[in-house]
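S.K.: Sending over a structure as structure tokens; questions will come in a sec.
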Amino acid sequence: MSMDLLKDKSLFRQAAFINGQWVEQTAHGKYALRNPATGEVLVELPVCREAETEFAIESAHEAFQRWSKVTAKQRAEIVNRWYQLVVEHKEDLATLITLEEGKPLAEARGEIDYAASFLQWFSEEAKRVRGDVIPAPKDSQRIVALKQPIGVCAAITPWNFPAAMITRKAGPALAAGCSMVVKPASQTPLTALALAELAQRAGVPTGVFSVVTGNATRPVGNVLTGHPLVRKITFTGSTEVGRVLLAQSAETIKKCSMELGGNAPLIVFEDADLDLAVEGILNAKFRNTGQSCIAANRVLIQDGIYEQLAARLAARAAELKVGNGLEAGVQIGPMIDEAAVGKVEEHLQNAVAGGARVLAGGRRHALGGAFFEPTVVADVALGMTIAREETFGPVMPLLRFRDEAEAIAMANDTDFGLAAYLFSKDAARIWRTAEALETGMVGINTGLISSEVAPFGGIKQSGLGREGSHYGIDEFLEIKYLCWDGVTPV
Ligand code: NAP
């Protein structure tokens, strides 16, 4: 039993969490959750639909009336307690992530640190939400801007970071005084439910944080985006689904933040420190088996170092250990499901048919199931599917460029604009290139850019809004301006 792997068995929840209650059954039956490494059924969870989602929203609305009036200091203490409990239960939470998502345990532990950091950061930010006193145009007037929590927030999250994509939203929302209903990805609800258990233990009041489970994705999404009591939609997932949710939210004019898909370019100039570049590229590509929104999707290498760097990358990729993420030393876990493997195969076939060369990997892994070999493919052209769409797998396409202008033009030749990376030792070139890249984030001489202190988010079709940093809490606040007249001078 998977539950036996946990020290604290009560973190393995088999129920939705609505209005402070564990809902073990609904009228809509259960669905099976599978371990992507083994294909085994981990658990069967209740399917929530319209009625359960409406109830979660209504109870979140009631809870909001009280939670928004709790002092910032008290809210900070509760969110901080939640942070501490997440850290205390790091090992169990990481095990849950590996079981349901497949990433190697070491990476899952890293995700818990990252997830916890948002609760800590926003518990601190809760006390720093300040308004403004603005010089008035008349001497009888005073003008004040207040910041107030927006209300009930609905969070819809992806499977690839089952903990962090929730705390990056719930941390600032609860710190600001909002309540939240989370619809986690149907493939990774166990981590979300364990977070709910810990939130309850931390003293998050009834109804402030609910989790609806199930695979009735559209009915639940329709209620979350259509319900008049929901004031904010915060979504992380694909651009395709983001577009649908934005359209659905337009009916009731909800505030929306959208963390969507990417097609990150990673540029290596001839003057780069190649040791640093190799490590950076491997980090930016293979983390979470390539299933990250900021994964390098196109590695652009300058002519003079192309073959040398390609050979080094291929050698390193071939050494990566593939296996069940629970086994020691594994660096590449399974992909999330068969459909994801199919997409990788399709992208590769299209590239090879167009003249690309496979330097390492290139096939389903001998382990079978959802395992795919870490792959490096050279001579990729910008027009190929692999360079135009987010591959979301352990495949590194290498492209070639002549000069800085061409690299920038190639990097920007996409509708996406989430992250980009560049490797160079020339300060002027770094400035010029970083400024010219059409993305929300730029990693310079590094492949790891995520941190709770920095604003995460994209431009173009990669999204709206920012998460993390001191900007992140603004997404959950409204500004109300008071125009106060009659302060007649004496
Ligand atoms: P996805 O298919 O867009 O799903 C994301 C979430 O949306 C899941 O909870 C999914 O539910 C839900 N969903 C799908 N259709 C819906 C609908 N019609 N109404 C309401 N909810 C709906 O994305 P994914 O495959 O889970 O995640 C991978 C994508 O996320 C990639 O494109 C990646 O780049 C992006 N991502 C972006 C960031 C960022 O910060 N920018 C971070 C991580 C991932 P079900 O699970 O029930 O289908």
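S.K.: Treating the angle as unsigned and between 0 and 90°, give the value, to the nearest 10°, between the Cα long axis of helix 72-88 and the longest Cα principal axis of the chain.
M.R.: In the chain, helix 72-88 runs at an angle near 40 degrees to the longest axis.
S.K.: With +1 on each Lys and Arg Cβ and -1 on each Asp and Glu Cβ, and nothing else charged, work out how big the dipole of segment 264-451 is about its Cα centre, in Debye to the nearest 20.
M.R.: For segment 264-451, the charge dipole is close to 360 debye.
S.K.: Averaged per residue, what accessible surface does segment 264-451 expose to a 1.4 Å probe, in Å²?
M.R.: It amounts to 37 Å² per residue over segment 264-451.
S.K.: Can you tell me how segment 264-451 classifies by the Cα gyration tensor, rounded, prolate or oblate, using a/c under 1.5 as the rounded cut?
M.R.: It comes out prolate by the Cα gyration axes.
S.K.: What FRET efficiency comes out for the pair V87/E406, r = Cβ-Cβ distance, R0 = 51 Å, nearest 0.05?
M.R.: Efficiency for this residue pair is about 0.65.
S.K.: To continue, here is another question. For D273 and A328, what is the calculated FRET efficiency with R₀ set at 25 Å and r taken between the beta-carbons, to the nearest 0.05?
M.R.: That gives a FRET efficiency of 0.20.
S.K.: Cα axis of helix 427-436 to longest principal axis of the chain: angle in degrees, 0 to 90, nearest 10?
M.R.: 60
S.K.: Moving on to the next point. Rounded, prolate or oblate: which fits the chain, taking a ≥ b ≥ c as square roots of the Cα gyration tensor eigenvalues, rounded meaning a/c under 1.5, else prolate when a/b beats b/c?
M.R.: oblate
S.K.: If I model a spin label as a point 7 Å beyond the Cα along the Cα-Cβ vector, how far apart are those points for V490 and A311 in nm?
M.R.: Inter-label distance under the simple model: 8.8 nm.
S.K.: For segment 102-228, which whole-number percentage of the solvent-accessible area (1.4 Å probe, protein heavy atoms only) is attributable to carbon and sulfur atoms?
M.R.: 50
S.K.: In nm, to one decimal, how far is the modelled label at Y471 from the one at R357, with both set 7 Å along Cα→Cβ?
M.R.: 4.2
S.K.: List the trypsin sites (Lys or Arg not before Pro) within segment 370-471 that fall in a DSSP loop (any state other than H, G, I, E or B) and whose Cβ has at most 14 other Cβ atoms within 10 Å.
M.R.: R402, K425
S.K.: Of F122, I281, V41, which is farthest along the charge dipole of the chain in the positive direction, counting Lys and Arg as +1 and Asp and Glu as -1 at C-beta?
M.R.: F122
S.K.: Follow-up question, since we're still on this one. Under 20 Å from a label point 7 Å along Cα→Cβ of A247: give me every residue in segment 443-467 with its amide N that close.
M.R.: Only 460-464 fall inside the zone, counting backbone N under 20 Å.
S.K.: With the Cα gyration tensor of segment 1-61 giving a ≥ b ≥ c as the square roots of its eigenvalues, does the rule (a/c under 1.5 for rounded; else a/b larger than b/c for prolate; else oblate) give rounded, prolate or oblate?
M.R.: Here segment 1-61 falls in the oblate category.
S.K.: Another one. Grab the DSSP H runs of the chain that are 4 residues or longer, score each as -39,500 (n - 2.57), total them, divide by all residues and round the 222 nm result to the nearest 500 deg cm²/dmol.
M.R.: Using -39500 (n - 2.57) per qualifying helix, the result is -12000 deg cm²/dmol.
S.K.: A further question follows. Figure the gain on full extension for A32 and T217 (residue separation times 0.36 nm, minus the Cα-Cα span) and round it to one decimal in nm.
M.R.: 65.1 nm
S.K.: For segment 340-383, run through the trypsin sites (Lys or Arg not before Pro) and keep only the ones in DSSP coil with at most 13 other Cβ atoms within 10 Å of their Cβ.
M.R.: Hits after loop and neighbour filter: R363.
S.K.: Sticking with this structure for a sec: Charges on Cβ only, +1 for Lys and Arg, -1 for Asp and Glu, centred on the Cα centroid of the chain; of L348, A27, N412, which one is farthest towards the dipole's positive end?
M.R.: The one lying farthest along the dipole's positive direction is A27.
S.K.: Would you be so kind as to identify which of V244, A387, V358 lies farthest towards the positive end of the dipole of the chain, taking Lys and Arg as +1 and Asp and Glu as -1 on Cβ and the Cα centre as origin?
M.R.: V244
S.K.: Would you calculate the separation in nanometres between label points at D415 and K138, each defined as 7 Å from the Cα along the Cα-to-beta-carbon direction?
M.R.: With each label point 7 Å from Cα toward Cβ, the separation is 5.0 nm.
S.K.: Compute the length gained on full extension between V453 and Q148: take 0.36 nm times their separation in residues and subtract their Cα-Cα distance, giving the result in nm to one decimal.
M.R.: Length difference between fully extended and current span is 107.6 nm.
S.K.: Roughly speaking, what is the stretch gain from A427 to K127, that is 0.36 nm per residue apart minus the C-alpha to C-alpha distance, in nm to one decimal?
M.R.: Net length gain for the segment: 104.2 nm.
S.K.: Hey, got the dipole for segment 205-266? About the Cα centre, +1 on K and R Cβ, -1 on D and E Cβ, debye to the nearest 20?
M.R.: The calculation lands at about 160 debye.
S.K.: Taking the Cα centre of the chain as origin, work out the dipole magnitude from +1 charges on Lys and Arg Cβ and -1 charges on Asp and Glu Cβ, in debye rounded to 20.
M.R.: Roughly 1140 debye, rounded to the nearest 20.
S.K.: Helix 90-101: angle to the longest alpha-carbon principal axis of the chain, degrees 0 to 90, nearest 10?
M.R.: It is inclined by approximately 60 degrees.
The values are calculated or read from the model by the stated rules, or taken from the named source; none is laboratory data. Values in this document were obtained by computation on a predicted structure and should not be read as measured data. Note that each Cβ is placed from the backbone with ideal geometry, even for glycine, and that neighbours are counted across all protein chains shown. Surface areas here come from the heavy atoms of the whole protein model, side chains and all, with no ligands, DNA or RNA. Shrake-Rupley method; radii C 1.70, N 1.55, O 1.52, S 1.80 Å.
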